[in-house]
Amino acid sequence: MRFMDRVAIITGAGRGIGKAVARQMSAEGGTVVIADINAERGDATAVDIGGSCFSVRTDISDPSSVAALHHSVAERCGKLDIVINNASLVPYQKWEDITFADWRKILSVDLDGVFLMCKESSNMMRKNSYGRIVNISSNTVMLGTPNLTHYVAAKGGVYAFTRALATELGKYGITVNNICPGLTDTDANWETPHHEAFDLVEGMQALKGRAKPQYHVPSILFLASEESHWVTGSTVVTDAGHTRH
Ligand code: 4PL
C-alpha cells in the first residue's frame, strides 16, 4: 500500500491516462482527488473508483478555480502530498489553420494550467516538507509530430519547466519529474484523426502493440511514490521505444 495516508490531486482524471492512474493509486491506499473540467465525468469516475476518491470540478486555466480546488483539498484532507498534472487539450490542427486564439487556448490549458497547479500545490506541500509533482508531457516534444504545433510548444514548456521547478523546490523536499507518453489509445485521441497514426507509430516502436492508458501507470506511480526520493528534474519516456530518447 504505497499510497496509504497520501493525498493526491490528479487533473483530467475523469478519463484516459489520468483515470488509470487514479484507479491504481486508490487501490494502493491513496486519497485521490479527481480535478476534471467535466464535472459529470469526474463524478462518475470517482463513484466508479470508490473508496475515498472524490471529484472537484476544476478549470486548470482559471486561477480562481485552481485556488478553490486547493482550498477544498485543504478543508477535506488537511494536506496535499502528490499532484499529477495530467489534464490537457489534445488538438489536431494544420499549421495553416491555427489562429493566435487557437494557440492561446492550448497554451492556457496545457502550459499555464501546469503553472497554476504547481504554484498552489507547492505552497501546500511546503508545509509538510514533502511533495511529489509528476507532469505529463509527451514524446511529441522529441518528434515534432504533425498537426500539433501549439500542443508540442506547450508540452515542450512543461518538459523544460519541470527541470527548472525541480531546482526551485528541492529545498522543500518536493520532487518534480515528468513523463513523456507516446501515442495512446484514449478517448481524446479517438476524438481527432490522431488515432489514424496508430499503425504508423507502432511501426516505429521498438516494442510492438498499441499503448493503453494503464501502460503509463507504473512509471507515473513510481515518480509519485516515496521510492523515487533521489529522482528529480527527470523524465521517463513511456513510448515503447518510439523515440528511444
Ligand atoms: C506520437 O501526445 O505522443 C499523436 C497526440 N502522436 O497527442 C500525443 C503521438 C499524439 C503522440 C501524441
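The values are calculated or read from the model by the stated rules, or taken from the named source; none is laboratory data. Everything numeric here is computed off the predicted structure, so don't read it as measured data. When we count neighbours, we look across all protein chains shown, and the Cβ atoms used for this are built from the backbone with ideal geometry, even at glycine. Heads up: the accessible areas ignore ligands, DNA and RNA and are worked out on the full protein's heavy atoms, side chains in. Shrake-Rupley method; radii C 1.70, N 1.55, O 1.52, S 1.80 Å.
Quickly work out the Ala206-to-Asp102 label distance, labels modelled 7 Å from Cα along the C-beta direction, and quote it in nm with one decimal.
3.5 nm
With labels modelled as points extended 7 Å from the Cα through the Cβ direction, what inter-label distance (nm, one decimal) is found for Tyr92 paired with Glu227?
With each label point 7 Å from Cα toward Cβ, the separation is 3.6 nm.
Roughly how many nanometres apart are two label points built 7 Å out from the Cα toward the Cβ at Ala153 and Asn128?
The answer from the label model is 3.8 nm.
Taking the dipole about the Cα centre of the chain, with the C-beta of Lys and Arg at +1 and of Asp and Glu at -1, give me whichever of Phe222, Leu143, Ile49 is farthest to the positive side.
Phe222
Where a Cα-Cα gap under 17 Å defines reach, which lysines qualify for Lys127, not counting those fewer than 8 residues away within the same chain?
Candidates past the 8-residue exclusion: Lys79, Lys119, Lys171.
Assign unit charges at the C-beta atoms only (+1 for Lys and Arg, -1 for Asp and Glu), then state the dipole size of the chain relative to its Cα centre in Debye, rounded to the nearest 20. The partial results should precede the final answer.
Details: 23 positive and 26 negative charges, 135 e Å.
That gives a dipole near 640 debye.
Percent relative contact order of the chain, based on C-alpha pairs within less than 8 angstrom and at least six residues apart?
Values: 484 pairs, mean separation 46.5, N = 245.
With pairs under 8 Å counted, the relative contact order is 19 percent.
Looking at the chain, I'd like the Rg to Rh ratio, where Rg is from alpha-carbon atoms and Rh is Kirkwood's inverse mean 1/r. The partial results should precede the final answer.
Numbers: Rg = 16.8 Å, Rh = 17.8 Å.
Taking Rh as the inverse mean 1/r over Cα pairs, Rg/Rh reads 0.94.
Give me a comma-separated list of calculated 3J(HN,Hα) values for region 217-225, in order, Karplus coefficients 6.51, -1.76, 1.60 applied at θ = phi - 60°, integers in Hz, x for any Gly or Pro.
Per residue, the Karplus-derived 3J(HN,Hα) values read 4, x, 5, 5, 6, 4, 5, 8, 9 Hz.
For region 96-229, what is the largest minus smallest coordinate of the Cα atoms on each principal axis, given in angstrom and ordered from greatest to least?
Taking the Cα atoms of region 96-229, the three principal extents are 46, 38, 23 Å.
Most mobile of Cys77, Cys180, Cys53 per a Gaussian network model of the chain (Cα springs, under 10 Å)?
Taking springs between Cα atoms under 10 Å, the residue moving most is Cys77.
Hey, can you find the accessible area per residue of region 32-168 for me, probe 1.4 Å, expressed in square angstrom?
Working: 6080 Å² over 137 residues.
Each residue of region 32-168 exposes 44 Å² on average to a 1.4 Å probe.
Using a 1.4 angstrom probe on heavy atoms only, work out the carbon and sulfur share of the accessible area of region 7-237 in %. Can you show the working numbers first?
Details: 5520 of 10090 Å².
The nonpolar share, carbon plus sulfur, comes to 55 percent.
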